[in-house]
1. Somewhere in the stretch 965-985, is a residue open to solvent by 10 Å² or more (accessible area, probe 1.4 Å) and touching a Pro at 6+ places or on another chain (Cβ under 6 Å)?
2. For the stretch 66-88, give me the residue count where each residue is out of contact with any helix residue (DSSP H, G or I) (no Cβ under 8 Å at 6 or more places or on another chain) and either under 14 Å from R271 (Cβ atoms) or assigned to a loop (DSSP other than H, G, I, E, B) (or both).
3. From the list V960, V1004, V993, V999, which residue is of a type in the set (A, V, I, L, M), within 18 Å of A881 (Cβ to Cβ), assigned to a helix (DSSP H, G or I) and open to solvent by less than 10 Å² (accessible area, probe 1.4 Å)?
4. Can you report the number of residues in the stretch 568-594 which are open to solvent by 20 Å² or more (accessible area, probe 1.4 Å), closer than 17 Å to V631 by Cβ and either in a helix (DSSP H, G or I) or not charged (D, E, K, R) (or both)?
5. Run K1009 past the list (1) in a loop (DSSP other than H, G, I, E, B); (2) open to solvent by 10 Å² or more (accessible area, probe 1.4 Å); (3) in contact with a Ser or Thr (Cβ under 7 Å, 6 or more places away or on another chain) and report the number of the one that doesn't hold.
6. Could we say that T526 is in contact (Cβ under 8 Å) with a residue 60 or more places away in the chain, open to solvent by 40 Å² or more (accessible area, probe 1.4 Å) and among the hydroxyl-bearing types (S, T, Y) here?
7. Would you mind finding the one in L892, L913, L927, L920 that is within 30 Å of R679 (Cβ to Cβ), at pLDDT 85 or above and aliphatic (A, V, I, L, M)?
8. Sort out for me the helices (runs of 4 or more DSSP H) sitting completely within the stretch 595-687 that have 2 or more residues that are among the aliphatic types (A, V, I, L, M) and in contact (Cβ under 8 Å) with a residue 40 or more places away in the chain.
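The values are calculated or read from the model by the stated rules, or taken from the named source; none is laboratory data. Note that the coordinates shown come from a computational prediction; the quantities given were computed from them, not determined experimentally. Note that each Cβ is placed from the backbone with ideal geometry, even for glycine, and that neighbours are counted across all protein chains shown. Quick note on the areas: whole protein, heavy atoms, side chains included, nothing else; ligands and nucleic acids left out. Shrake-Rupley method; radii C 1.70, N 1.55, O 1.52, S 1.80 Å.
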Amino acid sequence: MGDMSNSEFYAKNQRNEGNHAAGFGCSLMELRSLMEMRGTEAVVKLQEDYGGVEGLCTRLKTSPTEGLAGVQGDLDKRKEIFGKNLIPPKKPKTFLQLVWEALQDVTLIILEVAALVSLGLSFYHPPGESSGESCGSAKGAVEGEGEAEAGWIEGAAILLSVVCVVLVTAFNDWSKEKQFRGLQSRIEQEQKFQVVRGSQVIQLPVADILVGDIAQIKYGDLLPADGVLIQGNDLKIDESSLTGESDHVKKSADKDPMLLSGTHVMEGSGRMVVTAVGVNSQTGIIFTLLGAGVEEEEKKEKKVKKQDGAAAMEMQPLKSAEGGEEEKERKKVSIPKKEKSVLQGKLTKLAVQIGKAGLLMSAITVIILVLYFVIDAFIVQKRPWLPECTPIYIQYFVKFFIIGVTVLVVAVPEGLPLAVTISLAYSVKKMMKDNNLVRHLDACETMGNATAICSDKTGTLTTNRMTAVQCYVADVHYKEIPEPGVLPPKSLDLLVNSISINSAYTSKILPPDKECGLPKQVGNKTECGLLGLVLDLKRDYQPIRNQIPEEKLYKVYTFNSVRKSMSTVVKLPDGSFRMYSKGASEIVLKKCNHILNEVGEPRLFRPRDKDEMVKKVIEPMACDGLRTICVAYRDFPSDPEPIWDDENNILSDLTAISIVGIEDPVRPEVPDAIMKCQRAGITVRMVTGDNINTARAIAIKCGIIHPGEDFLCIDGKEFNRRIRNEKGEVEQERIDKVWPKLRVLARSSPTDKHTLVKGIIDSTMVEQRQVVAVTGDGTNDGPALKKADVGFAMGIAGTDVAKEASDIILTDDNFSSIVKAVMWGRNVYDSISKFLQFQLTVNVVAVIVAFTGACVTQDSPLKAVQMLWVNLIMDTFASLALATEPPTEALLKRRPYGRNKPLISSTMTKNILGHAVYQLIIIFILLFIGEKIFDIDSGRNAPLHAPPSEHYTVIFNAFVMMQLFNEINARKIHGERNVFEGIFRNPIFCTIVLGTFGVQIIIVQFGGKPFSCQPLDIEKWMWCVFLGMGELLWGQVMATIPNSKLRFLRRAGQLSQKDELPEEDLNEENEEIDHAERELRRGQILWFRGLNRIQTQIRVVNAFRSSLYEGLEKPDSRTSIHNFMTQPEFRIEDSTPSIPLIDDTDDDSARRRRKYSSQPSSPNKNNNAIDSGINLTIDTSKSAASSSPASPLHSLETSL
């Protein structure tokens, strides 16, 4: 798609199409070629060919201010000529394709082959009747005439059951695919965009945007189509998804007006005219290159790799409505941490182990059967091998082979993937009702393992309904909003104008939907809070905005995470300029040199006044949990006109008008939800851009921190100071000292959030790797959401960029929905464990029974078809029954399972082995003396096609009954007594258990030859059910045996001693110990270990010295050795997890060390990208006070 070929192509086209596509002044191809231009050449081309943006609008028959008229005929015509804004998705797999995929299963193929061979042989009749006598069936009588005809039944039955299994699997896959597509389309429909039509601003689904539409773009949008900028304020775009360049591109109507679909607005706002949609947009063109719509991820990976450099850059990071799937994929490739979800990893490992064991057992079974037959027939009975007998012998061998394969089929839990899928699909469906829209299936289960949640404050913990409740105007601090008459008219006018003009015009307050409801806030909530203040002062902001429409704003400095303020410049009637500013109070006040007094005149505002203001106004407001915002202004002369791009000079020397305290009340359900999290062993941390006092006040209200606890609340600056070394690089050991106690991180930038998440995930100081969930709504939260194990984006307040990076979207923006997600995640894990416990019991029993039966009686007591039926109940139905258990609150009462805890806990191992023992005893009793008990013919040693015996039918029936009752036992895996609890809350479970029972009756009474069953009378049925019910009693016996008595189980469940007591975050453990007692303990232990530790550390340091230079990027700085010493301390201390390792003293001494080492080493003051001057002075005093010289680390320093 080089520019050259395109311009030729374009020239040809122009000749062909004549310059008007059906009445529009430009054709599809012209617009496409226009959109390939960038920067100044695009501006030139626009001017020359179209007469600028206005000319383009006229040709597209649209108005830059009023948009399309919205007449249906016109819209249809546009759709027809320029296309729809849809990229056609990949065709879903058909049902037959899925059936074919299901058939690829190895065990099924083996079975099919065996069944076909068996069928073929059953139709083959050896010549001559006499030969039957001479070959002699190795055991017992020759089969009767009627039986010979029935020989085909076994093969056919196996084939039939294979068909069943395949259809069930394919259907499951199909419904999963369908659900996923439904989810996808729901996500797509939810994506709306602001468009001007008929001079009304409306929200339009992205798919309905047409060429010629005027779209309003703002911070955080994902552009849905290509367009040309008409007017923009300070617009910066992240085009990395198309160009791979990570720097933000400045866009303006006169320098670079080209906006491309799939790129993100990182700053500013503006309006654009849409010029290309769907497959003709830049994103669409690349998709068509990638092969119609969204190819499978793997193919995409390959294609991307194949393309040469430049093209690859273009395609690689493309995101579509698929929701950044491929981004995810690529991330999985590059970061080993996220390769598989916890559960999948464990399951794959388990399935492989079981498969190997099954293969071994089935191989041994077949070998033993064949050897036994050969030795018995040809050595013991000394028969010759007669050629005409070969088919009969082969039939025997096929029978043995089929027995071997059934052992394998029963051993391999092919229901596992099914159970996982069902459980996940079911959870995802139900989570929709709990306001969790899951975009990546495995996120749901990872959430159950979460150990830390880093949550935003605004909108997640709070209601995101901002209301101004206090203000400071004209030298008076009003605790509630004053009457307008009280304020000096000058101040009031300035305040009202400043708020009305200096806010996005998209922020509005609309009348409530319901009677007596609260007014609706649209747009940025903080601005809505301020506009609410204007209304409370009995003024209206709309007339002021009408007077100065958006086009007339002279210059806008939009809000971003660096400025933390927003300013708008307007030209006054006399030609001079006035700039209105608003922003975080500490930041704006720093830039104020004047303040309006009690009569509304500016007076000097000196540094000491500022300090007083902070103490008397801002801090009290912040401690009430209010967000403080300062509103200010500045006048500029008309001549000479200021240099607007010199931001530092423009945004200084302001005059403060007012400080407004805005309250964002905590959501009523949040404190309870956070308590549940803490009970469940999940640490909740609050990461917010607010001031530290506000943040702390809200954190206390939410219950994130409790007074008197040992925790950290710090702001971004302090956080960075603690985790970076003198070169300003982040060091993991330093983060490890901060994060375990950190609960509130205030005034944090998006990079701080990302650093924190990454630091917690990469931390090795706790045994279990932390699994971190993050919530985010802003564009800048993207990196943190992507880095986290599970990213939650806000459905209402979230920007498209955040949603794109997330795994789960909270449709109601509510923290308590996260707790629901944790519950569902744990439920998935438990469902799988329940299923495993049930499945493995059946596997163990069936394999042992088939194996011993085959070895002792040359025939499996459970026939191939019966095994397949058992397999069907076990796998498919049980996975349905156990995977759809609804979650209970009890799930939140335990700690998360770690990543390294084995799937099968010791309790489960106990249950599996215990129930297996019970079942085996019963079955062997029935097998070897059952005929005497029930006084029936023995079924052992039957000839090849013998009729089914009552004896073996009883065994089969008792086996199935025991499974059914054990399925009820399997509902509880933590050793609970009452297995029936809540059983009626799960109708699927009841239906399946009863249904299986019904089908079993039909099979036994009417199954006959295919199922090798003989009808049983009522007495034998009662016995079978009775033996089955014994399972429930036995379950109670098993629950009584304590795990500690069964030492050997630890090995069986691969539990190491360490896992038995899950290593919680150290700080979690501390919370249970009394504060004072902990101090005491810490003191003693540190004293005892002092010398010990010093010696070890000196040894460690010496050992490390050699490798120091490779290991560290900074060989010259002296502190690197100190840093190294801070690490072994964690290593050694591991043996006593109950002692806090992160202790303030070492934090401070490390800080002091850093000071001593960094000050002389760097002559320039800003060695740390922090105002080191101020910080260091404060800090020396702090650390001198808090670090006792007796602390072992201190002595360590001196000794070194």
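1. There is at least one residue in the stretch 965-985 that is open to solvent by 10 Å² or more (accessible area, probe 1.4 Å) and touching a Pro at 6+ places or on another chain (Cβ under 6 Å).
2. Here the count works out to 5.
3. V960
4. Selection size over the stretch 568-594: 5.
5. If we test K1009 against (1) in a loop (DSSP other than H, G, I, E, B); (2) open to solvent by 10 Å² or more (accessible area, probe 1.4 Å); (3) in contact with a Ser or Thr (Cβ under 7 Å, 6 or more places away or on another chain), just (3) comes out false.
6. The answer is no for T526.
7. Answer to the check: L892.
8. 619-623, 670-679
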